[in-house]
Amino acid sequence: MDAQARLIHLLKLAHAGEKAAAYAYAGHWRSVKRPPERERIRLMEQEELAHRACLHRMLTDFGEKPDRGRERLMTVIGRVAGAGCFVTGWYGPMYGAGRIEHRNVWEYVHAATFARECGHAELVEELLTMAEVEWDHEHYFRTQVEGHWLRKILRPWPSLPPRTDLRIPEALNALAAGRRVAPPHA
Ligand SMILES: [Fe+2]
Ligand SMILES: [Fe+2]
């Protein structure tokens, strides 16, 4: 598969994934009681929908359409996750969301790398901005989880590199290759 085919594949995965995320957060923010938590997660729901619109435009520009089967699957997963937030307690949804957001950062980092490789530099900025927003989401959930006693039983996932690394081409290349290097100015 060449870089453009990989990019389109990732755009389709992300487009469907954002739908699941938006449905999940729609349930999540309604299930928590503290106003700051409700507001932050509700904002995430809106940010995921904005990402979805952006991805849809990118796919359309490539003459592509979302993967209908994947969209249906993610609709079910998102709705189940959103409903589950009302019965699983506080920690589980915070933990699960953080793990998924962690993966989302990598998804957009890889997409940005493929976009650059296949000569679509104009997409890199938007994809990296989405990676940064996912980084913020992951950071929020990590902070929540690390402040809870259950972290000793269900430990937090591996940490992400610093947010600023997403803007450094050398670091970005290493990240996309699954490695981690110090940024050149460090
Ligand atoms: Fe997103
Ligand atoms: Fe997110």
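The values are calculated or read from the model by the stated rules, or taken from the named source; none is laboratory data. Bear in mind that the values here come from a model prediction, so they are computed numbers and not experimental data. Cβ sites come from the backbone with ideal geometry, for glycine too, and all protein chains shown count toward neighbours. Just so you know, the surface numbers come from the protein's heavy atoms only, side chains and all, with ligands and any DNA or RNA stripped out. Shrake-Rupley method; radii C 1.70, N 1.55, O 1.52, S 1.80 Å.
Please go through segment 93-111 and give me each residue that is free of Cβ contacts under 8 Å to residues at least 40 places away in the same chain and either touching a Ser or Thr at 6+ places or on another chain (Cβ under 8 Å) or farther than 19 Å from R42 by Cβ (or both), ordered by number.
Scanning segment 93-111 gives a single hit, R103.
Please find, within segment 31-53, the residue that is nearest to G84 (Cα to Cα) out of those that are open to solvent by 40 Å² or more (accessible area, probe 1.4 Å) and in contact (Cβ under 8 Å) with a residue 12 or more places away in the chain.
R42
Considering only residues that are under 25 Å from H120 (Cα atoms) and over 21 Å from the mean Cα position of the chain (by Cα), look in segment 61-92 and name the one that is most open to solvent (accessible area, probe 1.4 Å).
Once the filter is applied, the top-ranked residue is D61.
In segment 143-159, which residues are open to solvent by 30 Å² or more (accessible area, probe 1.4 Å) and within 16 Å of ligand 2 (Cβ to nearest atom)?
If the condition is that a residue be open to solvent by 30 Å² or more (accessible area, probe 1.4 Å) and within 16 Å of ligand 2 (Cβ to nearest atom), then T143, Q144 are the ones that fit.
From the list R99, R70, R52, R42, exactly one residue is more than 15 Å from ligand 2 (Cβ to nearest atom) and in a helix (DSSP H, G or I). Which is it?
Result of the check over R99, R70, R52, R42: R70.
Taking segment 120-141 as the region of interest, how many residues are touching a residue at least 60 places away in the same chain (Cβ under 8 Å) and either open to solvent by 20 Å² or more (accessible area, probe 1.4 Å) or of a type in the set (D, E) (or both)?
Total meeting the criteria: 4.
What number goes with the only condition from (1) closer than 20 Å to L166 by Cα; (2) part of a helix (DSSP H, G or I); (3) more than 16 Å from ligand 2 (Cβ to nearest atom) that I8 does not pass?
Answer for I8: the failing condition is (1).
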